[in-house]
Amino acid sequence: MELGYARVSTVKQDLDRQIEALREVGIAADRIYVDKKSGSTVNRPGLNAVLDYARDGDVIVVHTLDRLGRTVRDTLNLIHDLAERGVGVRNLADPIKVDSSNPNDPMAQLAVVLLALFGQMERTYSVERAAHARAVATAKGRRVGRPSVVDPDKLAYAEHLRESGHTIAEIVTKTGITRTSLYRHMPPRPAAEFTAGLQDGTGSTQA
């Protein structure tokens, strides 16, 4: 049996175009499951319903693969999970046609391999972008990660104590801020310059 799934991201968008495309390939309206939810939303009742209903030998048909998952990797994982249950996935309008229900079709399997490649590329680029954003933020003196929960006044006092020459242990005692939090919130001291090049002011080493 072929089952349809259609999704739009907001309630203001309509599903008509996707539903019509699914009906044109012979899927009855009562076998087309729908959601008006963002792809980033984990709770998608329509998707959950079609996944629960699908049985070995069934095929879930979508207009485009991005209707299934938030990312290529999410979609690929779903395709693999369904394949283990004997359920296929087929798309209608993407440039790359995927039909995981036909393991004997080399082109269909190539499409799944290409999807896996794109998923890996997507993850690699995402990790690189995140690392670059963190590096830029750190270079500009912005702390990355969770928002600070340390009292700003206490943190300012801690910085004053450090500049006055107090040890970390003394600062912990005086402020009540944990050692881990101090290391996380206070930038490291500038590295001391001990190179011989500083001796003559020209950058050259004097013997």
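Given a Förster distance of 22 angstrom, what is the FRET efficiency for Ala93 paired with Met1, based on the Cβ-Cβ distance and rounded to 0.05? Between Ala93 and Met1 the formula returns 0.55. When all protein chains stay in place and ligands, DNA and RNA are ignored, the 1.4 Å accessible-area order of Thr173, Thr64, Thr178, largest first, is Thr173, Thr178, Thr64. Summarising the label geometry, the points placed 7 Å from Cα in the beta-carbon direction at Ser164 and Arg85 lie 6.5 nm from one another. Using R0 = 22 Å, the C-beta based FRET efficiency linking Asp56 and Leu114 works out to 0.30. Rounded to two decimals, the Cα-based Rg/Rh of region 1-68, with Kirkwood Rh, is 0.94. In this calculation the C-beta distance from Ala130 to Thr178 is compared with R0 = 45 Å, giving a FRET efficiency of 0.95. Taking amide hydrogens as placed 1.01 Å from N in the peptide plane, the amide H of Gly88 sits under 5 Å from those of Gly57, Asp58, Val59, Ile60, each at least 5 positions away in sequence or on another chain.
The values are calculated or read from the model by the stated rules, or taken from the named source; none is laboratory data. Remember, predicted model here, so these are calculated numbers, not experimental data. Here Cβ is always computed from backbone atoms with ideal geometry, including for glycine, and neighbour counts include all displayed protein chains. With ligands, DNA and RNA removed, areas are computed over all heavy atoms of the protein, side chains included. Shrake-Rupley method; radii C 1.70, N 1.55, O 1.52, S 1.80 Å.
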